[in-house]
Amino acid sequence: MARYTGPQTKIARKFGEPIFGPDKVLSKKNYPPGFHGLNRKRKKNTEYGIQLNEKQKAKYTYGVLERQFRNLFHKATSSKGVTGIVLLQLLEARLDNVVFRMGIAPTRAAARQLVSHCHIVLNGNICNIPSLTVQPDDIIGVREKSKSLELIADSLSGFNHTKYPWLEWDANSMSGKFMSVPEREDIPETIKEQLIVELYSK
């Protein structure tokens, strides 16, 4: 299964944001990694560097590798709508991301693992493909024999299920509905998608 397995805090410090979830180290060292990260003079970044940085940020945030990301971009360019926004919507519609947004898992990495280990059902059927694109009105839930997992119970405990208007949650069945594709203003990520479009358009 292709996924990023390198250091997470180092990457989070590079972008100055907890893109992998809450990070105690980042709160203490909110400056770039490296021996001279705090004091070194920052060189003026080029236009290409800024665009590349934004693409890397999006890839790490959603846990997608280069080939997958490029394929999603090509899919976005051939779809109706603004390419950058469609790209983010495709990333948001990934099954692992939807599991994370529903509060079933504390991080996207944990959500990916739950899906891969067959703990998640899609429309009543076990699905172990984290990258699968969820469609409007699809029902995503926890497999019956997995409802007692401590990871899932802890993640769902106290989670605010009204924070994402495109998702609907039923606590009794431990399942939710993907109501619709989210609008850009409803996606909380601080990614500047237009910079990614400009990078791939070169």
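Does the range 128-148 hold any residues that are part of a loop (DSSP other than H, G, I, E, B) and surrounded by 16 or more Cβ atoms within 10 Å (Cβ to Cβ), and which are they? Scanning the range 128-148 gives P130, S131, L132, V134, R143. When Q113, Q89 are screened for being touching a residue at least 40 places away in the same chain (Cβ under 8 Å), among the polar types (S, T, N, Q) and either in a helix (DSSP H, G or I) or under 14 Å from Y200 (Cβ atoms) (or both), only Q89 passes. Criterion applied to K59, K80 was being part of a loop (DSSP other than H, G, I, E, B) and modelled with pLDDT under 95, and the one residue passing it is K80.
Here's the yes/no breakdown for (1) within 19 Å of the chain's Cα centre (by Cα); (2) hydroxyl-bearing (S, T, Y):
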position: N71; (1), (2): yes, no
position: V82; (1), (2): no, no
position: L95; (1), (2): yes, no
position: E150; (1), (2): no, no
position: S155; (1), (2): yes, yes
position: G158; (1), (2): no, no
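Do the conditions hold for E185, that is, is it among the charged types (D, E, K, R) and either in contact with a strand residue (DSSP E or B) (Cβ under 9 Å, 6 or more places away or on another chain) or in a loop (DSSP other than H, G, I, E, B) (or both)? Against the criterion (among the charged types (D, E, K, R) and either in contact with a strand residue (DSSP E or B) (Cβ under 9 Å, 6 or more places away or on another chain) or in a loop (DSSP other than H, G, I, E, B) (or both)), E185 does not qualify. Candidates I104, I120: the one that is touching a Cys at 6+ places or on another chain (Cβ under 8 Å) and of a type in the set (V, I, T) is I120. What residue, among those in the range 133-174 that are of a type in the set (A, V, I, L, M, F, W, C), under 12 Å from R101 (Cβ atoms) and out of contact with any helix residue (DSSP H, G or I) (no Cβ under 7 Å at 6 or more places or on another chain), is modelled with the lowest pLDDT? So, considering only residues that are of a type in the set (A, V, I, L, M, F, W, C), under 12 Å from R101 (Cβ atoms) and out of contact with any helix residue (DSSP H, G or I) (no Cβ under 7 Å at 6 or more places or on another chain), the one modelled with the lowest pLDDT is F159.
The set of residues from the range 146-166 being of a type in the set (S, T, Y) and without any contact (Cβ under 8 Å) to a residue 12 or more places away in the chain comprises S148, S157, T162.
Total residues in the range 150-167 satisfying the condition of being out of contact with any Asp or Glu (no Cβ under 9 Å at 6 or more places or on another chain) and either surrounded by 17 or more Cβ atoms within 10 Å (Cβ to Cβ) or part of a helix (DSSP H, G or I) (or both): the figure is 8.
The values are calculated or read from the model by the stated rules, or taken from the named source; none is laboratory data. What you see is a predicted model; the values in this text were computed from it and never measured. For neighbour counting, all protein chains shown are included, and Cβ atoms are generated from backbone atoms with ideal geometry for every residue, glycine included.
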